[in-house]
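Data block below; observations after.
Every number in this text was worked out from the coordinates using simple rules, so none of it is lab data. Since the structure is predicted, the reported quantities are computational estimates derived from the model, not experimental observations. Heads up, the Cβs are rebuilt from the backbone with ideal geometry, glycines too, and the neighbour counts pull from every protein chain shown.
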Amino acid sequence: MFSCEDHGRHHGALESQAFLVSGLATGIAPTRFALRASVGITADPPSLVWSEGARIFRRGHCNRPLTREVSMTTTDTAASDSGSTALEQAITTSDPLVLSRIWGFGGMTAVLVGAVASFLVGIERLDLASANIFSGADGLFQFWSAHRVAFVLLGALPALMALATTVVPRQCGGLLIFPRAAAMACWIWLIGAGMTVVGFLVDGGLGTPGGGGQRQATALTIMGILLVIGGLLLASVCVVTTIVSGRRAGMGLRDLPFTAWTVLVAATVWMGMLPVLAANTVLAYVDLRGRPALRFGAEDAIWEQVSWMFTHPAIYVLALPVLGIALDVVEATARVDQANRDVLLVATAAFGFLSFGAFAQTFFDTPGTPIAEEALSVVAAFAIVPVALAIVGGLADTLRRGAANLGSKPPAETVCALLAALLVLAGTAVGAIRVVAPLELLETSVTGAHFSLVLGASILGIGAGFYHWGEEMVGPKGRRPGLFLLGGLAVAGGTILAGVADLFSGLLDQSDFTGVDLSTAGNPGSGVDGLNVVSMLGSLVLLGGLALWMLVGSLHTAANQKGAT
């Protein structure tokens, strides 16, 4: 039996050599680089789990082998002694896998709800001169704003948190730091999401142009969004802390897989923007309550204060982790190492820097040039295009070198990840066109096209991530690649139809929010009626793809739960 001193003297003979497996998936050769410290990691595909018997020996120190035995705190109970029900265990757990399922299922359900709202708005736009589904402009506005809130704050961001709380810590070779705080963040978000949905349904929302909403319901919606922001912000802190401080010894930031790296950059940006969005909602809530609102809480002003979160440049921060997912997925399935890794790390960091959008608040515009047409906004809109092109170029190079390994039928997640990256590139191009001052497109449906392309790309990439790491998050049984690919193609096709149709409608002067009369719709030129039909069909195809994905996910989960019992 060696003593600790013996271990210190003979550390060189006992060190274990390990390599970081790129993408953490089947078949990728562990040849990228050796960790700068002795770390044990399993290379058995497709496991994400670091080897339990890993030892880190340093001169003068003796660390015990990592085992499954974890000391319990005063609030923990052994599983064998626990008499709690499944519901109680779900509510009180801090297991990242359970939390990720709550984030993922809740987020994708919200995305589905947002798609339903978008489809209803699309039906209403078939006749720009009157109201057919909704009671008037105020009712239409509530659903129009609800679909954007559902897609971003209730849908895409929480779904990304599902991957961030499971895949990212394992890519870092450690555990999620502050697991109880992460659990609290999840439930705060879920409660806030429920309040937000109820607020929209009971004639509240984020104000209306005609002031016809219910005051108390509007206050409920704002408070729900504030809780949503708080939950997402706390979860971001946990993820960033895990990446920065919870990595295995010897693993630098340059060694991180692309998903972990882009989540680190994106979460840092979220922590900069979400407090600003919270401040906007607090201003609106305080002014709304009590006496008649003066300015910030006026119903026709609430949406404009928070709308910056759903447009250029803030909307790009949702796409950044998707680019990281695409880089990891393609690298893993093509079974070749990513070339020019440092260049891509810098490019993704630049993409995140250009995504910071808390400054682009049109509500606080001063007389003169609107903030969206000032030099900073215009330069950022054009600068992000070559950055996105460089990242897509890196993907293309990996595909070229690994084409032989993909075969005639590439994996479903690879196809979806590539389509997501291409949609991000298309979204940045539309965003650049949108800020060209002579075209006067800021208030047109080009803004809606930009939103559709970037959000569609984000949802498609998130789905690819769920499928790629689905065995680790849910289990190995019940995977249906054919149905998943069909759903992914529907999501991509619906996004393209809606985005392209809205782009051309905007060029014909159709407003972003069309209202229920031609004047509010911008008195668009001829041809928009047909384009609105195409846009509505795109929303329907997108909705069908999302519903199919939910079915695939439910069958996958049910198959593994049945096997576990």
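Quick look at the values:
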read-out: Under Karplus coefficients 6.51, -1.76 and 1.60, residue-wise ³J(HN,Hα) of region 341-354 in Hz, glycine/proline x; value: 4, 5, 4, 5, 4, 5, 5, 5, 5, 5, 4, x, 4, 6
read-out: Surrounding net charge for residue 516, when Lys and Arg each add one and Asp and Glu each subtract one, Cβ distance under 12 Å; value: -3
read-out: Cα lying deepest toward the dipole's positive end in region 360-483, options 419, 363, 448, charges on Cβ; value: 419
read-out: Under 5 Å, built H, 5+ apart or other chain: amide partners of residue 444; value: 512
read-out: Förster radius 41 Å - calculated FRET efficiency between residue 554 and residue 298 (Cβ-Cβ, nearest 0.05); value: 0.45
read-out: Protection-proxy order for peptides 403-416, 546-559, 447-460, 168-181, each taking the mean of Cβ atoms within 10 Å per residue, highest first; value: 447-460, 168-181, 546-559, 403-416
read-out: Within region 237-257: backbone nitrogen closer than 19 Å to the residue 271 label point (7 Å, Cα to C-beta); value: 237-248, 252-257
read-out: Ratio Rg/Rh [Cα only; Rh per Kirkwood] for region 377-498; value: 1.05
read-out: Net charge of Cβ neighbours under 10 Å - reference residue 301; Lys, Arg +1; Asp, Glu -1; value: -3
read-out: Spacing of the two label points (7 Å from each Cα toward its C-beta) at residue 508 and residue 376, in nm; value: 3.7
read-out: Net charge of neighbours whose Cβ lies under 10 Å from the Cβ of residue 207, counting Lys and Arg as +1 and Asp and Glu as -1; value: -4
read-out: Förster-model FRET efficiency, 30 Å R0, residue 440 and residue 282, C-beta, rounded to 0.05; value: 0.35
read-out: Förster radius 30 Å - calculated FRET efficiency between residue 180 and residue 254 (Cβ-Cβ, nearest 0.05); value: 0.45
read-out: Gained length - residue 483 relative to residue 533, 0.36 nm times residue gap less alpha-carbon distance; value: 15.3 nm
read-out: Calculated from backbone phi, Karplus (6.51, -1.76, 1.60) coupling profile of region 383-389 in Hz, x at Gly/Pro; value: 5, 6, 5, x, 5, 5, 5
read-out: Point-charge dipole on Cβ atoms (K/R +1, D/E -1) for region 87-564, about Cα centre, debye to 20; value: 1640
read-out: For region 397-412, 3J(HN,Hα) per residue [Karplus equation, 6.51 cos²θ - 1.76 cosθ + 1.60, θ = phi - 60°, Hz, x = Gly/Pro]; value: 5, 5, 4, 4, 6, x, 4, 5, 7, 7, x, 6, 10, x, x, 4
read-out: Cβ-based charge dipole, region 87-564, positive-most Cα from 206, 172, 316; value: 172
read-out: Simple label model, 7 Å out from Cα along Cβ direction - residue 400 to residue 129, nm; value: 5.5
read-out: Simple label model, 7 Å out from Cα along Cβ direction - residue 291 to residue 520, nm; value: 3.1
read-out: Residue order, fewest to most beta carbons within 10 Å, for 342, 517, 502, 512; value: 342, 517, 512, 502
read-out: Neighbour-count ranking [beta-carbon atoms within 10 angstrom, fewest first] of 167, 474; value: 474, 167
